[in-house]
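Quick notes on the structure that follows.
The values are calculated or read from the model by the stated rules, or taken from the named source; none is laboratory data. Computed from a predicted structure; not experimentally measured. Neighbour counts are summed over all protein chains in view; Cβ atoms, including those assigned to glycine, are modelled from backbone coordinates with ideal geometry. Remember, those area values only see protein heavy atoms, side chains included, never the ligands or the DNA or RNA. Shrake-Rupley method; radii C 1.70, N 1.55, O 1.52, S 1.80 Å.
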Amino acid sequence: MTNIIRLNESNNTYASKPVITALGEPDIAIRPSIYVAGLGANATVTARQLLIDGNFGQNNPAPFLGVGTGSLTVKSDTNGTYLAMNQVGIRTGIVIDTKQDKGTLVIIKVRVKDILADNTRLLSIGQASIGLSSLSILTALTPTKKLTVSSVPMDMDANIHTFAIYTRLGQTVIFIDGNKTIASGSSTPTNEKTGVGINTRSFADTTPNNIDLYNFELYVDTVLTDQQILDYLKTL
């Protein structure tokens, strides 16, 4: 029988683990603490060393390609363990199956340290605006440094923020540090494949910024209430 663990348990073996949380089974979960366990504190790593927990990780535990020429370093501070992504992004390509009648939820806990170019991506799921599994957090250098979480603009600062975006039929719901916003309607649902890009696009290279990644979770084919998501975000 497959052992199922919770995301927040202190099982930090350097291996890809199945995971279940209060929201169900994530397809991809990134916990930087496992890299400390396997590679050592303050280790400089490659994209191919970034193992993932979750359902997709059981078949492809190291799916990421690297984008950019900077550095990936495992670090810790009083807020926890994080992956310092300095001018490096990671992406999977369009490789994860989704269904037309279910939503997609992504959660990212991150500190944006510097935005280096216009029209870049802090986060990208899927391809453009196709289906229910496509969403993004854009970064803008000019006229002032900003993030756009789907359609919601936000000034960049030096703090850690938790963003969650849930796309479902006819609607996109955005949670920024536990505050909910209803965004524009999502696209017509289709059976499709999706992918993940962190600090770049999921299927093409954009300039990576300087960010610190504390947590990442992707759930595809989900049916969730807003309250379920809000309650879970309080635990992160």
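Could you check, for segment 189-205, whether at least one of its residues is part of a loop (DSSP other than H, G, I, E, B), open to solvent by less than 30 Å² (accessible area, probe 1.4 Å) and modelled with pLDDT under 95?
Scanning segment 189-205, I find at least one residue that is part of a loop (DSSP other than H, G, I, E, B), open to solvent by less than 30 Å² (accessible area, probe 1.4 Å) and modelled with pLDDT under 95, so the answer is yes.
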message: Among the residues that make up segment 83-93, is at least one of them part of a loop (DSSP other than H, G, I, E, B) and open to solvent by 20 Å² or more (accessible area, probe 1.4 Å)?
response: yes
message: Against the condition out of contact with any Asp or Glu (no Cβ under 8 Å at 6 or more places or on another chain), over 22 Å from residue 156 (Cα atoms) and either in contact (Cβ under 8 Å) with a residue 24 or more places away in the chain or open to solvent by 10 Å² or more (accessible area, probe 1.4 Å) (or both), how does residue 67 come out, does it pass?
response: no
- request: Tell me, yes or no, whether segment 4-11 has at least one residue that is in contact with a strand residue (DSSP E or B) (Cβ under 9 Å, 6 or more places away or on another chain), modelled with pLDDT of 95 or more and surrounded by 14 or more Cβ atoms within 10 Å (Cβ to Cβ).
  value: no
statement: When segment 35-48 is checked residue by residue, the ones that are within 18 Å of the chain's Cα centre (by Cα) and open to solvent by less than 60 Å² (accessible area, probe 1.4 Å) are 35, 47
- prompt: Among the numbered criteria (1) within 27 Å of residue 229 (Cα to Cα); (2) touching a strand residue (DSSP E or B) at 6+ places or on another chain (Cβ under 7 Å); (3) crowded, with 21+ Cβ neighbours inside 10 Å, which single criterion is violated by residue 150?
  reply: (3)
task: Might you check whether a residue that is touching a residue at least 40 places away in the same chain (Cβ under 8 Å) and surrounded by fewer than 14 Cβ atoms within 10 Å (Cβ to Cβ) occurs anywhere in segment 159-166?
output: yes
